[in-house]
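Read through the structure below, which is laid out as structure tokens, and then see the notes.
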Amino acid sequence: MVDRAIDLSCAKCGACTVVCPVFRVDPRESLTARGKMHLLSLPFVGAPSRHFQDIFSQCLLCGACEQACSRHLPITTLITRARGRFPQFYGAHPLQKTVVRKVLASSGLLANLVRAGISLQRINALPVRSGLRLKLGLLEAPVAEVVEKETCYGGKTGNDLSYFPGCLARYLQPSVAAATVRLAEIAGYSLDVPAAQGCCGLAARAAGREDEARELAWNNIQAFAESTGPILTSCASCSSHLATYPDLFQDDPEKSVKAREFAGRVIEFCTFFLEQSDLKPSSRQALKVFYHDPCHLRHRDWGRDNPRKLIDRIDNVERVESPAGPQCCGQGGLFQLGYPETSAGIFQRCADNGLGCAPDLVVTTCSGCLMQWQQGKVEHDLPLAVSHLAILLADCLD
Ligand code: SF4
Ligand code: SF4
């Protein structure tokens, strides 16, 4: 019923088609938001067909269409709701996608896997051209020790500023978490990093598993319940998802209040440091820096220009912009696993855009975008460095 009403309000204007990164690489009407809205208007009989599942899986949930939509349709919500009707396994690498989602959902399992299985020695044993080696080679080691030592998990620090690093910075790219903690220290804060926090739940929600996403959200709400101050994030995708927790508890008035309180405390680290500190970073060498906009920051009115303002504060750094404007990198969480060719095509456009500015360094503020650029750099031997903005800032302050 709801979907029918949504379709009736779709103006078929096509504004969503112009901005869709998937449509740019694979120009089929069915892959656009307009096409999907039309399909949702048709009566459903029985289980969704494989073709239907394929169409609804081919979306990065980037939010570009939602921002462009003249009718303000909740397109990404409708797409994830449609995915909730899928049987358990679908698309390329269905089992791997399920396993990744399950592993993310269990922080204890992820920590143990990291401790037991991911080491440089094991990565080096893989064949040189192995895709797995390329991906794992991007990770840092020894992972668990670094993050636990440098970010004081489980320690209460005495002030009321908390930190939600997200799974990648916590377990796989701990230098991002360490740099964020260092930035806070330099600005005069120490961070409380509750040990009980887990995955933000974005992967579960993107797969249409609302119950799983709700469970993960509630765990995080409780993990941060001992404090009341701001919750700093260093990943745009986590930030945008944490802010939507109230949507998950609409039918539960008590939890809904707590979810709203929690979401109201979340603040992306660039916005926090711009508003709350007078950091004066300076680079030892002259650098041309290209900032890659994460879609989850760009399309959701979360201070998209704040990272730029922070970069502009760095002495000896020239920020370069492409005339074509920001482009999606094609990572999209598990999208990259399910549709590697489309993802690679989207990244190629994005990389050409950045390379046209001839930067020394690409920085971003999303763990997923960071991995996509790191992988692209290795695969295509790109002549530039790639880093998280928190790392650049911390390096320029030490
Ligand atoms: S969310 Fe992004 S990828 Fe998905 S339909 Fe909209 S614009 Fe295309
Ligand atoms: S932009 Fe919105 S109203 Fe226009 S075609 Fe796309 S979904 Fe429909």
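Largest first, what is the accessible-area ranking of 52, 23 with a 1.4 Å probe?
Details: 52 20, 23 50 Å².
Largest accessible area first, the residues go 23, 52.
Report, in debye and to the nearest 20, how large the dipole of the stretch 2-83 comes out about its Cα centre when Lys and Arg carry +1 and Asp and Glu carry -1 on their Cβ. Can you show the working numbers first?
Values: 10 positive and 6 negative charges, 9 e Å.
The calculated dipole for the stretch 2-83 is roughly 40 debye.
Rank these by accessible area, largest first, 1.4 Å probe: 81, 34. List each step's numbers first, then the result.
Working: 81 115, 34 55 Å².
Reading off the accessible areas and sorting them downward yields 81, 34.
For residue 319, what accessible area in Å² do you get when you roll a 1.4 Å probe over the heavy atoms of the protein chains, rounding to the nearest 10?
Counting only protein heavy atoms, the figure is 70 Å².
Express in Å², to the nearest 10, the accessible area of residue 62 obtained by rolling a 1.4 Å probe over the protein heavy atoms while all chains stay in place.
Roll a 1.4 Å probe over it and residue 62 shows about 20 Å².
Carbon and sulfur atoms: what percent of the 1.4 Å accessible area of the stretch 2-83 do they account for? Intermediate values should be presented prior to the final figure.
Numbers: 2290 of 3750 Å².
The computed percentage sits at 61.
Over the stretch 161-319, what percent of the accessible surface lies on carbon and sulfur atoms, probe 1.4 Å? Intermediate values should be presented prior to the final figure.
Details: 2770 of 6150 Å².
Reported share for carbon and sulfur atoms: 45 percent.
What percentage of the solvent-accessible surface of the stretch 332-381, computed with a 1.4 Å probe over protein heavy atoms, is contributed by carbon and sulfur atoms? Walk me through the numbers on the way to the answer.
Details: 910 of 1790 Å².
Of the solvent-accessible surface of the stretch 332-381, carbon and sulfur hold 51 percent.
Spin-label point model (7 Å from Cα, Cβ direction): what's the residue 85 to residue 395 distance in nm?
For residue 85 paired with residue 395, the spin-label model returns 4.9 nm.
Return, ordered by residue number, the residues of the stretch 356-398 whose backbone nitrogen is under 15 Å from a label point located 7 Å along Cα→Cβ of residue 282.
Those under the cut-off are 395-398.
Can you tell me the mean projection area, over all orientations, of the convex hull of the stretch 278-395's alpha carbons? Units nm², please. List each step's numbers first, then the result.
Working: hull surface 28.9 nm².
Averaging across all directions leaves 7.2 nm² for the Cα convex hull.
Compute the separation of the alpha-carbon centres of the stretch 215-278 and the stretch 293-347 and state it in Å as a whole number.
Answer, in whole Å: 22.
What length, rounded to one decimal in nm, is gained on full extension from residue 38 through to residue 313, with 0.36 nm per residue of separation minus their alpha-carbon distance? All intermediate terms of the calculation are to be shown ahead of the outcome.
Numbers: separation 275, 0.36 × 275 = 99.00 nm, distance 4.67 nm.
Value of the extension gain: 94.3 nm.
Taking amide H atoms as placed 1.01 Å from N in the peptide plane, list the residues 5 or more away in sequence, or in a different chain, whose amide H sits under 5 Å from that of residue 319.
289
The values are calculated or read from the model by the stated rules, or taken from the named source; none is laboratory data. Note that the structure is predicted; figures quoted are calculated from it, not measured. Note: ideal-geometry Cβ built from the backbone for every residue, glycine included; neighbour counts use all protein chains shown. To get the accessible areas, we keep the full protein, side chains included, count just its heavy atoms, and leave off ligands, DNA and RNA. Shrake-Rupley method; radii C 1.70, N 1.55, O 1.52, S 1.80 Å.
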